[in-house]
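Contents: one structure, followed by commentary.
The values are calculated or read from the model by the stated rules, or taken from the named source; none is laboratory data. Here the structure is a predicted model, which is why all the values come from computation and not from measurement. Neighbour counts run over all protein chains shown; Cβ positions are idealised from the backbone, glycine included. Calculation scope for accessible area: heavy atoms of the full protein, side chains included, ligands and nucleic acids excluded. Shrake-Rupley method; radii C 1.70, N 1.55, O 1.52, S 1.80 Å.
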Amino acid sequence: MRRDGIAPLRMRTQRLWGRRFGTPREVVGWLGAMQAQEFALAKWSITQRTRNMSRAAVEQAFAAGIIVRTHVLRPTWHFALGEDLRWLLTATAPRVHALNAYYNRQHKLDAKLLTKSNSLIAKALEGGAHLTRGELAAVLKRGGIRAAGTRLAYIVMRAELDAVVCSGAMRGKQHTYALLAERIPNGKPLEREAALAELTRRYYTSRGPATVNDFARWSSLTTAQAREGIALVAHELESDVIDGTTYWFGPPLPRASASAKPRVDLVQGYDEIIMSYSESRDASLGPVDSRLLHAVLLDGRMIGKWKPVAGRNSVVLKTVLNRTLNRAEKKALATAVALTTAWMSGK
């Protein structure tokens with residue numbers, strides 16, 4: 001494999017190109033977890049990888065608990081399948097706890113207090129209740145625990161990481177929390193080694209080619225743990241050395257028929273095509289602006305950024321490009337802008 005082959009292969013393995021999925025469940029299951037702090041735009045990342053690009057299908061899967069939004073992998077929101085959540089927590093929650101330890105000390109959140117807060121939250125959610133963060137704060141206050149602002153965020157994150165809660169159904173525009181045992185009663189638990197193997201397998205088959213350091217940074221695992229994961233599934237993966245760096249990937253997907261036409265994709269700033277790579281991000285995207293909001297990709301390489309601007313009755317997309325486009329590239333950009341605008345406008 002050559003370095004210039006990395007970008008198109010990643011676009012295919014991430015299913016932005018080529019064979020797309022029929023349902024949102026298949027998308028999230030393939031990728032394992034998808035960063036989702038920007039809730040509306042994270043839904044766009046799912047629909048881009050489906051054939052019918054249905055916003056309603058994503059929202060229905062979320063409402064039913066097929067897809068959940070919770071803290072896993074890193075101290076930030078991710079979409080994951082409800083059925084996968086327990087083993088994802090087994091694989092990554094210990095590392096997120098370690099990353100959160102400093103902030104827990106800053107907020108005087110010790111093990112005794114967090115055990116009590118978990119108990120109060122679980123009791124309040126029993127029987128199918130779905131409560132907002134503000135309502136959980138009131139529950140904690142009645143139980144004698146001060147919970148507001150960032151302190152509340154870390155208390156609730158601890159309940160997520162301890163598999164006490166996960167996302168509930170939307171209440172209008174407000175997010176809620178539900179008891180994980182009730183929301184996802186039949187989730188698949190795995191022991192640590194099996195969970196690590198599954199996480200590694202999902203990462204490299206859905207995101208390869210990628211390096212050990214890419215995987216470690218994405219998953220928040222230590223480099224030693226990432227190497228352990230690769231050792232567990234190395235017989236299922238392929239590898240190649242490019243410019244002195246080893247890249248791992250799953251069995252190649254069927255190659256789409258070649259096209260001489262340029263391809264433009266508009267991805268949101270936390271899309272997995274951006275967030276899945278750290279050490280080798282330049283190998284596919286090129287240099288990424290640290291101030292990047294959302295990326296304009298031309299044939300898998302970043303050539304600019306975009307942002308949605310809400311009008312009175314519609315959404316307008318503004319783009320800023322790093323170079324001049326030829327006629328065919330302009331046509332490809334116009335197609336991508338029209339598609340994204342229609343989705344964001346709910347059309």
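Summary table
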read-out	value
For ALA63: the one exception among (1) farther than 21 Å from ALA93 by Cβ; (2) touching a helix residue (DSSP H, G or I) at 6+ places or on another chain (Cβ under 9 Å); (3) among the hydrophobic types (A, V, I, L, M, F, W, C); (4) in contact (Cβ under 8 Å) with a residue 24 or more places away in the chain	(2)
Scan of region 76-118 for residues that are part of a loop (DSSP other than H, G, I, E, B) and open to solvent by less than 20 Å² (accessible area, probe 1.4 Å), ordered by number	LEU109
Members of region 294-347 that are in contact (Cβ under 8 Å) with a residue 12 or more places away in the chain and of a type in the set (Ser, Thr, Tyr)	SER314, THR319, THR335, THR340, THR341, SER345
Test: residue in region 152-175 that is open to solvent by 50 Å² or more (accessible area, probe 1.4 Å), in a helix (DSSP H, G or I) and aliphatic (A, V, I, L, M)	no
Any hit, region 137-159, residues being among the hydrophobic types (A, V, I, L, M, F, W, C) and in contact with a strand residue (DSSP E or B) (Cβ under 6 Å, 6 or more places away or on another chain)	yes
Counted residues, region 119-145 - those being open to solvent by 20 Å² or more (accessible area, probe 1.4 Å), out of contact with any Gly (no Cβ under 8 Å at 6 or more places or on another chain) and closer than 19 Å to PRO185 by Cα	8
Some residue of region 14-34 being assigned to a helix (DSSP H, G or I) and touching a Pro at 6+ places or on another chain (Cβ under 7 Å)	no
